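Asks: Let me give you the structure first, and then I'll get to my questions.
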Amino acid sequence: MINHHIFPLLQCPTCRVRPLIVETGGVRCPRCQTLYPFCDGYIDLMPRGAEFDYVSKYVSDEEQLAAELDYRELAPPLLAAGVRDRMLRRLMRWSKNDVALDNGCGTAKHAVWNAKYVKMMVGTDPATLFADEAARTVTLTKADSRLLPFADNSFDKVFAIDILEHFPLPVIDAYLAESARVLRPGGRMLAFSNTRERSPIQPLIDISRHIGRLFVKAGIYDFEREKLRKSDHVKALERWEDVVAAFERAGLRPVKVVFWNSLFTTFVEHVLMKLGESIIGRTRGRKPAGDVPTRVSAGAAREIRARQRMRAHLRAKGPVYYALLAVTLLMELDLWLFGWMRCGSYFILVEKPRQ
Ligand SMILES: [Zn+2]
């Protein structure tokens, strides 16, 4: 769904002129005459003629990832995604007048889950792995985060979930500078990402990882999809000081920080849920719930099958939904108990100062 309130905010990502002229097939730049077409559920606002050295794996391997990530249908916000989403809501403090940007939205799940709290939710990503529901409820643009197609000071809130760990340093700087540019003075940005720092309670956390590995050895499950999702993590911001410095270079002032020491979370992800998936995702004696793409590992296929079956349960908001919600709250306990304790995973809330 393209909300027409987006049009006055658009500017040409190629020559930075605005406003763009709205035509039937797209929006046109009055200077360079580029037509940015309306596509299936989104506007293609990629800059023309710009060459970048760095392209995210999500863009270069879009077709392969589309098959493996099972992205078109969204589950409710539960488990790790649920914890991130609850934190996003708590720290962003949405208002009904907010114009918000999910910068690097991926499937746009967080944009979908939060769209009802704001005036307009915009999602942008260079890869178009948008969920079907996102195309219906969020204003989606295909764009490069280094040359955002929006005017200065367009947004009250911007968020970046699981983005910064994918970029080398010059891309992080360009990404944050553009995020700061489109944020209005006094506007706030939330980022969730990871450095390379270890948690002070890492030895305790590792107990769950160890148990998980024993199950892998026993062939009960594997972590193929986790590996795929994390395969292009660069973590150029290695230490917490690097994170703060990067935001300050972009002119963004830290307001609040919560660390995620994943004691309960790792137990849930490496033991509890993987056991559940291996039971629910078994093929023997069960009808397949849907299409599982070929060309994926046995573990990935089992996880996709488990997810498809789970979604059918979750849509009904029955006992399975409430059981997973309880597990989500258990994971969130990590933030309440250990959020003050510096470690690799962090939520940072920053503000663009009023001049
Ligand atoms: Zn132009």
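Please treat every number below as a calculation from the coordinates, not as lab data. Treat the numbers as computed from the prediction; the structure is a model and nothing was measured. Because the Cβ atoms are built from the backbone with ideal geometry, glycine has one as well, and the counts that use them run over all protein chains shown.
Asks: Whose amide H sits under 5 Å from the amide H of TYR36, counting only residues 5 or more places off or on another chain, with H placed in the peptide plane?
Replies: VAL27, ARG28, CYS29
Asks: Helix-derived [θ] at 222 nm for the chain: sum -39500 (n - 2.57) over DSSP H runs of at least 4, divide by residue count, nearest 500? Working shown, then result.
Replies: Details: 13 runs with 136 residues, N = 355.
Result for the chain: -11500 deg cm²/dmol, rounded to the nearest 500.
Asks: Related question: For a Förster distance of 51 Å, can you work out the FRET efficiency between the beta-carbons of ASP242 and THR24, rounded to the nearest 0.05? Please list the in-between numbers first.
Replies: Values: r = 47 Å, r/R0 = 0.93.
Between ASP242 and THR24 the formula returns 0.60.
Asks: Which order, highest average first, do 157-163, 180-186 follow once you tally other Cβ atoms within 10 Å for each residue and take the mean per peptide? Please list the in-between numbers first.
Replies: Values: 157-163: 23.4, 180-186: 17.7.
With the highest mean Cβ count within 10 Å placed first, the list reads 157-163, 180-186.
Asks: Another question, if that's okay. Give the percent of DSSP beta bridges with both residues in the chain that are antiparallel, rounded to the nearest 5.
Replies: Roughly 50 percent of the DSSP beta bridges within the chain come out antiparallel.
Asks: I need to check one value: relative contact order of the range 105-223, counting alpha carbon pairs closer than 8 Å and at least 6 residues apart, in percent.
Replies: Once normalised by length, the contact order is 20 percent.
Asks: Run the simple label-point estimate for ARG16 and LEU329 please: 7 Å along Cα→C-beta, distance reported in nm.
Replies: 5.0 nm
Asks: Quick one: divide the alpha-carbon radius of gyration of the chain by 2.2 N^0.38 Å and tell me what you get.
Replies: Rounded to two decimals, the normalised Rg is 1.00.
Asks: Shifting gears a bit: Quick one: which residues, 5+ away or cross-chain, put their amide H under 5 Å from the amide H of ASN3? H built at 1.01 Å from N.
Replies: THR139
Asks: Still on this structure, please answer the following. Using 0.36 nm per residue, how much length does the chain from ARG253 to ASP44 gain when fully extended, once their Cα-Cα distance is taken away? Walk me through the numbers before you get to the answer.
Replies: Values: separation 209, 0.36 × 209 = 75.24 nm, distance 3.17 nm.
Extra length from ARG253 to ASP44 when fully extended: 72.1 nm.
Asks: Fully extended, how many nm does the chain gain between ASP173 and LYS96 (0.36 nm per residue separation, minus their Cα-Cα distance)?
Replies: Full-extension gain reported as 24.7 nm.
Asks: Could you work out the relative contact order of the range 4-351, using alpha carbon pairs under 8 angstrom and six or more residues apart, expressed as a whole percent?
Replies: On the way: 612 pairs, mean separation 63.1, N = 348.
Relative contact order comes out at 18 percent.
Asks: If each residue of separation counts as 0.36 nm, what is the full-extension length gain between SER60 and ARG198 once their alpha-carbon separation is subtracted?
Replies: Working it through step by step, the gained length comes to 46.6 nm.
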